[in-house]
Structure formats: structure tokens, C-alpha cells
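Take a look at the structure below.
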Amino acid sequence: LGVLKRKAITFSPPLPADKQAAIDKLWFGNLVKVGLLFDSVWWPDQTTHYFALAKESGGGLAGLRSAEKFTYFLNTHAAGSGRPVLFTFAFGSSAMEVESWTDGQVWAAVRANLLDIFRGAQGSVVVPTAKPAMWRSTWGTNELFGGVYASNSPGASPKDWENLARLELYGTGKLIFAGEHTNHDYRGTVHGAFWSGQRAACEVLLPDGTTITTKP
């Protein structure tokens with residue numbers, strides 16, 4: 001959907017008006033996932049999730065954007081990976097901002113929240129100062145994605161999702177749409193994308209003009 005919203009593809013003839021309206025109307029959000037590989041597990045390893053309180057810097061929108069940056073951590077070591085890895089995330093409007101940051105800026109913001117989380121923890125918990133090995137997603141600025149997941153916008157309806165999923169006939173060929181953004185019930189999910197792929201595969205095989213709906 002991010003690629004379609006940028007109009008990176010030129011359709012000739014143009015897409016039907018109701019399909020283009022659905023593309024323009026629905027939102028396509030972004031998320032930054034950050035993986036941190038440390039030399040060892042330095043944090044209490046009894047739980048898989050840690051949460052930081054947002055710093056209400058000035059309140060209002062500033063406080064909201066604080067909440068969007070690195071306030072949730074997933075302890076993959078406790079979850080069974082066997083490696084000293086924490087995952088954290090930047091959500092919402094802050095995701096695009098974070099994609100422009102350097103690794104050093106990301107680590108400084110992440111470490112500040114880790115210090116808040118483990119301040120006063122029982123035992124000796126020392127948050128490392130050195131930046132760990134880091135992996136970061138940049139889906140928002142990637143020209144092949146333009147974001148991560150579709151969502152409703154004010155005024156959108158289930159019909160918009162149906163219009164987006166509908167196959168189009170171009171001469172003797174078919175133009176078939178798939179992806180989580182074509183699945184109203186399971187938008188924004190991997191299984192929604194998977195089931196849309198099943199639908200699209202069936203539409204390839206079925207007679208021209210046959211549109212189906214795949215349910216789990």
C-alpha cells in the first residue's frame with residue numbers, strides 16, 4: 001500500500017476510481033524495530049517484557065511522541081532465543097523521525113529508557129555504556145515498502161478494503177492485488193497477508209472476473 005500511495009507505479013489505463021479512492025483514503029503506518037545484541041545478559045532475565053514510562057516532556061503531543069520511542073522491550077533470551085538480545089520499537093509518527101537518526105542517537109535514547117526501567121532494580125544491574133551490535137528496520141524510507149501496516153482512517157469503510165482487494169481485468173489479463181492491506185478482517189497482520197495470498201492464487205486459476213474471499 002505504501003508503494004501505491006506514493007503512485008510509484010503507473011497504471012495504463014488508470015485504476016478504477018473507487019480503487020484509487022481506497023488507496024488514497026486508507027492509512028499506511030510505520031514502525032521501527034531495533035535489535036540489540038549484547039556481549040552477555042546484563043538485565044534481570046525472569047521476564048520477557050519490560051516497559052518504560054513515557055517522559056511527559058511538555059505534555060500533549062511531545063509526551064505522546066515520547067511514548068512512541070523505545071518504551072517497550074522484548075527480552076528474546078528469556079523467550080527462548082538463547083542469545084543476549086533485546087528488541088525495542090519506535091511507533092507512529094516517531095518511526096519516520098527515528099529512521100533518520102544515527103545508530104548513536106538511537107542507542108542514546110534506548111539507553112536512557114533502559115536506565116529508567118532498571119533504576120532501583122534488585123541486585124546489581126548496570127546498563128552498558130558502549131553501543132551494542134544493532135540491527136534497525138527502515139521500512140518507511142524503503143521505496144519497496146513505504147511503511148509497515150494498513151489501518152482505517154476517518155471516513156473509511158469495509159467497502160474501501162473490498163475495493164482495494166478486487167481484481168481488475170485489463171484486456172486479456174488480470175491485475176490481482178494481495179497483501180495485508182487487502183484483508184479487512186486481518187489488516188496489519190502477517191496472517192492477513194498470508195490469507196490474501198491464498199485468495200490471489202485462487203484468482204489466478206479461476207475464470208476471468210471471479211473474485212473470491214478467503215477466510216481462515
- Item | Pairs beyond 21 Å (Cα-Cα), from Lys7/Lys33; Lys25/Lys159; Lys5/Lys159 | Lys7/Lys33
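Taking the convex hull of the alpha carbon atoms in the chain, what volume per residue do you get, in Å³?
Values: hull volume 33.1 nm³, N = 216.
Enclosed volume per residue, from the Cα hull, is 153 Å³.
For an R0 of 41 angstrom, estimate the FRET efficiency from the Cβ-Cβ distance between Ser157 and Ala8 and round to the nearest 0.05.
Details: r = 26 Å, r/R0 = 0.63.
The formula returns an efficiency of 0.95 here.
Multiply the residue separation of Asp103 and His191 by 0.36 nm, subtract the distance between their alpha-carbon atoms, and state the gained length in nm to one decimal. All intermediate terms of the calculation are to be shown ahead of the outcome.
Details: separation 88, 0.36 × 88 = 31.68 nm, distance 3.15 nm.
Contour length minus the Cα-Cα distance gives 28.5 nm.
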- Based on the Cα coordinates of the stretch 134-178, what is the per residue volume of their convex hull in Å³? 125 Å³
- List the relative contact order of the chain as a percent without decimals, with contacts defined as Cα pairs under 8 Å and 6+ residues apart. 22 percent
- Task: Mind checking which aspartates and glutamates have their Cα closer than 20 Å to the Cα of Lys69? Skip sequence neighbours fewer than 8 apart in that chain.
- Result: Glu56, Glu97, Glu99, Asp103, Asp116
- Message: Ranking request for peptides 96-102, 12-18: highest mean number of other beta-carbon atoms within 10 Å first, then the rest in descending order.
- Response: 96-102, 12-18
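No lab work stands behind these numbers, since they all come straight from the coordinates. Here the structure is a predicted model, which means the values were calculated and not measured. Don't worry about glycine lacking a Cβ; one is built from the backbone with ideal geometry, like all the others, and counts go over all protein chains shown.
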